[in-house]
Amino acid sequence: MTQIGQSINKAVHEIVASNLSYDQAVTMGYANLSALARLILPQLETHNHSASKEAIISALKRYHQEKAYERKESYRVLAESTISLSTDVTKLVVNRKRIQGLLEKLISPGQGVIYLLRMQETATLVLEKQAFEAALKVIHSIKRDVIEIKKGLTLITIHSPAEIIDTAGCVELIYRFISASGVNIEDTVSSYTDTLIVVKNEDAGAAFNSLNTLVMHSTNFLRK
């Protein structure tokens with residue numbers, strides 16, 4: 001490839017990588033490359049790059065190939081992942097320093113606490129409906145130290161094989177696919193082989209579909 005060709009290739013790759021919808025379409029192989037090239041052309045000209053539509057299409061094909069190579073190990077892990085939903089959960093954020101002793105009352109065994117994330121200043125609990133209702137009396141007694149209560153949420157759990165721990169890019173792909181579906185992540189944490197993501201109940205379907213698409217795409221990639 002000539003120096004000019006390398007420059008165009010780099011510029012196209014930067015434009016695609018900075019646009020989530022472009023990246024998603026090219027990476028997954030459903031982009032209309034000719035139409036996308038027409039969209040990218042004026043952006044190249046803005047940065048003083050001159051290129052033909054054919055050169056841009058060629059750069060897009062290279063982008064697809066490079067991303068497939070970069071993500072192949074992530075795809076191997078994600079192809080073996082499973083997704084589950086827990087609806088009607090509540091997120092509770094409290095002042096950790098002020099109520100350290102009371103946290104134990106909120107996370108007693110069998111109470112239905114899905115997870116607890118302790119930070120320096122705050123603690124975040126995600127609770128099943130019954131657990132939240134059982135904790136209401138405790139919450140009422142410390143209401144001045146309650147920072148946020150958010151109900152009507154769904155917990156999505158992506159359970160992956162142990163290889164996810166040492167495979168770069170898996171969690172990034174999970175977040176990327178959810179973001180591409182237009183869903184806002186309310187809270188998230190990773191624990192060993194589980195990636196836990198909290199979204200609004202009304203967004204759960206779109207988030208689940210986007211993750212299911214990721215798993216299917218990963219499976220199909222490995223069959224090629």
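FYI, it's all coordinate maths here, none of it is from the lab. Just so you know, these numbers come straight off a predicted model, no measurement behind them. Don't worry about glycine lacking a Cβ; one is built from the backbone with ideal geometry, like all the others, and counts go over all protein chains shown.
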Inset, instruction - At 7 Å along the Cα-to-beta-carbon direction for both Asp194 and Ser18, put a label point, then send me their distance in nm to one decimal. - result: 4.0 nm
Inset, instruction - Go through (1) 69, 39, 30; (2) 47, 36, 33; (3) 58, 42, 31 and flag the label whose value is the computed Cα extents along the principal axes in Å for this structure. - result: (1)
Inset, instruction - Quick one: order Val16, Val189 by neighbouring beta-carbon count within 10 Å, fewest to most. - result: Val189, Val16
Inset, instruction - Note the count of lysine pairs whose C-alpha atoms are less than 17 angstrom apart in the stretch 82-223, limited to pairs 8 or more residues apart or on different chains. - result: 21
Inset, instruction - Can you tell me the FRET efficiency between Thr46 and Leu136 if r is taken as the Cβ-Cβ distance and R0 is 45 Å, rounded to the nearest 0.05? - result: 0.20
Inset, instruction - Please report the relative contact order for the stretch 82-223, taking Cα pairs under 8 Å with a sequence separation of at least 6, and give it as a percent rounded to a whole number. - result: 27 percent
Legend entry - Spatially proximal lysines relative to Lys72 (Cα-Cα < 17 Å; intrachain offsets below 8 disregarded): Lys61, Lys224
Inset, instruction - Quick one: among Arg62, Arg144, Arg76, which has the greatest mean-square fluctuation in a GNM of the chain with alpha-carbon springs under 10 angstrom? - result: Arg144
